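Okay, structure first, notes after.
The values are calculated or read from the model by the stated rules, or taken from the named source; none is laboratory data. Please read all numbers here as calculations on a predicted model, not as lab measurements. When we count neighbours, we look across all protein chains shown, and the Cβ atoms used for this are built from the backbone with ideal geometry, even at glycine. Calculation scope for accessible area: heavy atoms of the full protein, side chains included, ligands and nucleic acids excluded. Shrake-Rupley method; radii C 1.70, N 1.55, O 1.52, S 1.80 Å.
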Amino acid sequence: MNTGDNNTITGRDNLVGSGHTAGSGHTVSQGQSGLGNGTYVTITSTLSNNTSQALTLLRAVMNGSEFNSQFTNYPPQTVAANTQASWRVSETHKFQSTFSSDVWYRVNASTAVKFHASNPCIGYNSAGCDFVSASDLTTPAKTPTGYTCSHSIDDTGENPTARFTLTGPSAS
């Protein structure tokens, strides 16, 4: 492996499989996290789908762009009724002011739910979930009857876990 450029990428997950290849001038090592050059930070998100229907993935982005290689654990295409799913995004260098992930799942024909998690360079980790138009994924939508979405995120370090719970009406 060529390490002549003194670039070190560290991480606990499959970093080589996430867009960095051995022999590309980077040294891949394990087990460190934190801020600054040569670091590896993650946001893990867990979704509990406590509804009577499957959710369908519409879009997944990191830091506002479709850069899917940064998902070390990509959101599943479908989250079955009354099950859990998880995904993880990873960033090798946290130079940006905020490191975030946004994932949208279809709730019904006209409504989607957006799950957002953020790990800023300075400040507190945050998470949120909002109902939006399924056609453009940005216009706020009325919460579908019987649905709620709750969220939490730990704020104990550089690799937070966001937890989302989507609850919906029971099947009749």
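Worth a mention:
- Filtered residues of segment 75-126 (kept if open to solvent by less than 20 Å² (accessible area, probe 1.4 Å), of a type in the set (Gly, Ala, Ser) and either under 15 Å from the mean Cα position of the chain (by Cα) or farther than 25 Å from residue 52 by Cα (or both)): 85, 90, 100, 101, 117, 118
- Hey, residue 60 open to solvent by less than 50 Å² (accessible area, probe 1.4 Å), part of a strand (DSSP E or B) and at pLDDT 95 or above or not: no
- Among the residues making up segment 130-149, a single one is in a strand (DSSP E or B), more than 13 Å from residue 106 (Cα to Cα) and either open to solvent by less than 60 Å² (accessible area, probe 1.4 Å) or of a type in the set (Lys, Arg) (or both): 149.
- Being more than 21 Å from residue 87 (Cα to Cα), open to solvent by less than 50 Å² (accessible area, probe 1.4 Å) and touching a residue at least 12 places away in the same chain (Cβ under 8 Å) is a property that does not hold for residue 157.
- Across segment 89-101, the qualifying residues are those that are in a strand (DSSP E or B) and touching a Phe, Trp or Tyr at 6+ places or on another chain (Cβ under 7 Å), and the one among them that is modelled with the lowest pLDDT is 91.
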